[in-house]
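Participant: Take this structure, written in structure tokens, and hold onto it; I'll ask about it next.
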Amino acid sequence: MSNITLTASMRSNLLSLQSTQDLMDTTQERLSTGKKVNSAIDSPSSFYTAQSLNNRASDLSSLLDSMGQGIQTIKAANEGIEAITTFVQQAKAIANSALDSASKVAESTGTFKAATATDNKGSLKISISGSDAPIADLEIDNTNGNTIDNLVSAIQDALDSATIKGVSTADKFVVENDNGKIKISSVDGTEASISGTAAGLSFNNTIGNATRAANAEQFNGIMEQIDQLAKDSGYKGINLLQKNDLTVVFNEDRSSKIDIKGVDASSTGLKIARVNAEGWMDDANLNETIVSTDAAISQLRTMASEFGNNYSVVQNREDFTENLINVLTEGADKLTLADMNEESANMLALQTRQQLAINSLSLASQAAQSVLSLF
């Protein structure tokens, strides 16, 4: 088009139109994208600064997801601790109930006689609680010696060699000399009635404590539930109650983080031993069990406090990170986003300027058109 000659006024108006069109194109792009800086050409400093801010916001956003999962892991552990605490309290109640039910001991009455061999002979009948007839009918022979200790040994031997319902009673009963009286007790809590006489001493008592035996079984069942709960308190492969550790990262270069140590919340970790009926016949053993449950409850409360503190830390960092992401995004937007009201006003002004330039160009061309009137 360089071979076309324009008048000075027409060329001036043409340049004005071209400039206006360039401005309109720029404004149109800002209106369509919502940004005043769409590439490094628009403003290198603002473009790269905003990109850096957005990149950091994106990195923190991925960490925000990790923090949320960390919070869920801690919550799962805390739920487990609360349930285990309830079970330990239930186990303590069972032990206290067993302690309240005293184990019965058969105590002899009468006076021991060792004058003749006949006086040292006698019989004891044993029947399990609920049976209609005696299960064991024992013949006691204490002729080999004339002391109460020998009678104790004879009764013990007879009981150890007997059978009840086809099952040997060896080690099931304990016979003792208590200041001239003979006491017979059940080792495993089996309730039985003792009756008969031997060497001037009579028995007509009930021994054992089936309640304690049943309580011991219930207690061990609770321990099993505690172990299962500790195993089931994990989240996405991490179980803080099975000594798994958890690390939650708070910033993009991993220089800020928290390490949460796992604990052993099983019955073994809580130092609550399983029990047996024989052991629970002794009040001292029962008291030891109750002390261990008290210590376990205290230990669980300490665990809950520590996890609660860690939960609070991670929760606060999650809130902070969310706010920081908003700050970074807002800062990037301030560098790149366009003011839509301003750009709309600019477009309206440019459209007006374009129309005026077109009219001005039309007026400028009228001078050349007047030449046609000469023909």
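Participant: Condition first: aliphatic (A, V, I, L, M) and at pLDDT below 70. Now tell me which residues in the range 100-124 satisfy that.
Facilitator: To start, the set of residues in the range 100-124 that are aliphatic (A, V, I, L, M) comprises 102, 105-106, 114-115, 117, 124.
Correct list: 114, 115, 117.
Participant: Right, another one. Restricting to the range 65-94, give me the number of residues that are surrounded by 18 or more Cβ atoms within 10 Å (Cβ to Cβ), over 12 Å from the mean Cα position of the chain (by Cα) and more than 30 Å from residue 212 (Cα to Cα).
Facilitator: Result for the range 65-94: 1.
Participant: Read through the list (1) surrounded by 22 or more Cβ atoms within 10 Å (Cβ to Cβ); (2) of a type in the set (Gly, Ala, Ser); (3) under 20 Å from residue 211 (Cα atoms), then give the number of the only condition that residue 296 fails.
Facilitator: Only one criterion is unmet by residue 296, namely (3).
Participant: Follow-up question, since we're still on this one. Can you find a residue that is outside any helix (DSSP H, G or I), on the phi < 0 side of the Ramachandran plot, without any contact (Cβ under 8 Å) to a residue 12 or more places away in the chain and touching a strand residue (DSSP E or B) at 6+ places or on another chain (Cβ under 9 Å) anywhere in the range 273-281?
Facilitator: no
Conditions tested, residue by residue: (1) farther than 28 Å from residue 271 by Cβ; (2) modelled with pLDDT of 85 or more; (3) of a type in the set (Gly, Ala, Ser).
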| residue | (1), (2), (3) |
| --- | --- |
| 193 | yes, no, yes |
| 196 | yes, no, yes |
| 201 | yes, no, no |
| 204 | yes, no, no |
| 208 | yes, no, yes |
| 216 | no, yes, yes |
| 221 | no, yes, yes |
| 228 | no, yes, no |
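Participant: Sort out which residues of the range 199-237 are acidic (Asp, Glu) and closer than 30 Å to residue 71 by Cα, and write them in order of number.
Facilitator: Going residue by residue through the range 199-237, those that are acidic (Asp, Glu) are 217, 224, 227, 232.
Once the filter is applied, which keeps residues that are acidic (Asp, Glu) and closer than 30 Å to residue 71 by Cα, the range 199-237 yields 224, 227, 232.
Participant: Something else: Only residues that are among the β-branched types (Val, Ile, Thr) and either under 28 Å from residue 177 (Cα atoms) or assigned by TED's automatic domain parsing to the domain that holds residue 176 (or both): list them for the range 203-233, please.
Facilitator: Of everything in the range 203-233, those that are among the β-branched types (Val, Ile, Thr) and either under 28 Å from residue 177 (Cα atoms) or assigned by TED's automatic domain parsing to the domain that holds residue 176 (or both) turn out to be 206, 207, 211.
Participant: Does residue 262 satisfy the criteria of being of a type in the set (Gly, Ala, Ser), modelled with pLDDT of 90 or more and closer than 23 Å to residue 67 by Cα?
Facilitator: yes
The values are calculated or read from the model by the stated rules, or taken from the named source; none is laboratory data. All values derive from a computational prediction rather than experimental measurement. Note: ideal-geometry Cβ built from the backbone for every residue, glycine included; neighbour counts use all protein chains shown.
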